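Inspection log for the structure reproduced underneath, given as structure tokens.
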Amino acid sequence: MRLGLNIDHIATLREARKIHEPNPLEAIFIAKNAGVDLITLHLREDRRHIHEDDVASIIQHAPMPINVECAIDPEITKILCHLRPFKVTLVPEKRAEITTEGGLNLEHPQLSQTIKTYQDCGIEVALFIDPQGENLARALDLGTRVVELHTGKFSNLYNSLYSHFKHHKNCLKDLPSDNPTLKSMLDTSLQELREATSQGVQMGLEMCAGHGLNYFSVGLVACIEGLEELNIGHAIIARAVIVGLERAIYDMQEAMQHR
């Protein structure tokens, strides 16, 4: 299974001080030597972390494929068609959100044309979707062959059940607090990911997944037969602050094998 490293939060540290370091480009070569298969970065409309200069530099110098997450936005489409990353993953985006909160609206009026524009430039397009069969069918109808399943719901449930997250000030207020209910919801969410992956494979789609996965939860998703790629960022970069990026990557690769 491929591991995609999302390096957004290296730029988050830089932007916190509005200076020139840390430079996300420096992470690319550490990641390559540690066996990371691709680099993911999210070019947001408000440029809260990654900027187009980062994207251009990384595409120019990286020795592995680059996957750029972005919203359906004409300005960003123009920028990325010029820079030509290996893959673009279309995601929903709201300025007020802390992180991406759900799957893409597959009925967006500009979605079909945006997909075609990227494909005409030779850029592979993936759609970031919630794990339901109707979303897989719609992705296929839109002419895409790659989807990334949104694992945020699963990750939030896992963290609420098996960590101190539900007692933290940043806990999700809309989740139940009792463990039996959380466990039932977690099992259902994991089953949805399994079923969506199986359906997608049968349809001929390339199945990827990501969002919110950490060192404790990743093994349950990594063992889903048919998944070819996981994209993980915050957990790895957060650990890298403590143990270094190379060690953090190795630890995630090991966690992906614990099934």
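The values are calculated or read from the model by the stated rules, or taken from the named source; none is laboratory data. Predicted, not measured: the structure shown is a model, and the values here were computed from it. We place every Cβ from the backbone using ideal geometry, glycine too, and count neighbours over all the protein chains shown. Ligands, DNA and RNA are excluded from the accessible area calculation, which covers all protein heavy atoms including side chains. Shrake-Rupley method; radii C 1.70, N 1.55, O 1.52, S 1.80 Å.
Key figures for this structure:
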quantity	calculated
Pairs with Cβ under 8 Å, 6+ apart, first in region 102-127 and over 17 Å from Glu206 (Cα atoms), second outside any helix (DSSP H, G or I) and of a type in the set (S, T, N, Q)	Leu111/Asn105
Verdict on Asp187 being more than 22 Å from Thr40 (Cα to Cα), in a loop (DSSP other than H, G, I, E, B) and open to solvent by 10 Å² or more (accessible area, probe 1.4 Å)	no
Qualifying positions in region 201-231 - of a type in the set (D, E, K, R) and open to solvent by 10 Å² or more (accessible area, probe 1.4 Å)	Glu206, Glu225, Glu228
Residue check, Pro180 outside any loop (DSSP other than H, G, I, E, B), on the phi < 0 side of the Ramachandran plot and over 20 Å from the mean Cα position of the chain (by Cα)	yes
Options His234, His164: the member that is out of contact with any helix residue (DSSP H, G or I) (no Cβ under 9 Å at 6 or more places or on another chain) and open to solvent by 70 Å² or more (accessible area, probe 1.4 Å)	His164
Check on Asp46, open to solvent by 40 Å² or more (accessible area, probe 1.4 Å) and under 28 Å from Val218 (Cα atoms)	no
Selection status of Arg239, under 24 Å from Ile50 (Cβ atoms), assigned to a helix (DSSP H, G or I) and touching a residue at least 12 places away in the same chain (Cβ under 8 Å)	yes
Extreme residue, nearest to the chain's Cα centre (by Cα), among residues of region 26-43 that are open to solvent by 30 Å² or more (accessible area, probe 1.4 Å) and farther than 16 Å from Thr12 by Cβ	Asp37
Some residue of region 123-134 being farther than 17 Å from Glu192 by Cβ, open to solvent by less than 50 Å² (accessible area, probe 1.4 Å) and either modelled with pLDDT under 95 or of a type in the set (Lys, Arg) (or both)	no
Looking only at region 150-169, and only at residues there that are free of Cβ contacts under 8 Å to residues at least 24 places away in the same chain and outside any loop (DSSP other than H, G, I, E, B), the one that is farthest from the chain's Cα centre (by Cα)	His167
Matching option when the condition is within 29 Å of Leu227 (Cα to Cα) and surrounded by 21 or more Cβ atoms within 10 Å (Cβ to Cβ), among Ile66, Ile59	Ile66
Flag if Ile98 is open to solvent by 20 Å² or more (accessible area, probe 1.4 Å), farther than 26 Å from Leu142 by Cα, modelled with pLDDT of 95 or more and aliphatic (A, V, I, L, M)	no
So Ala248, is it assigned to a helix (DSSP H, G or I), at pLDDT 95 or above, over 27 Å from Arg145 (Cβ atoms) and open to solvent by less than 10 Å² (accessible area, probe 1.4 Å)	yes
Among the candidates Lys87, Lys18, residue that is crowded, with 18+ Cβ neighbours inside 10 Å, of a type in the set (D, E, K, R) and either modelled with pLDDT of 95 or more or more than 19 Å from Glu246 (Cα to Cα) (or both)	Lys87
Spans of helices (runs of 4 or more DSSP H) in region 59-142 with at least 3 residues under 25 Å from Gly212 (Cβ atoms)	133-141
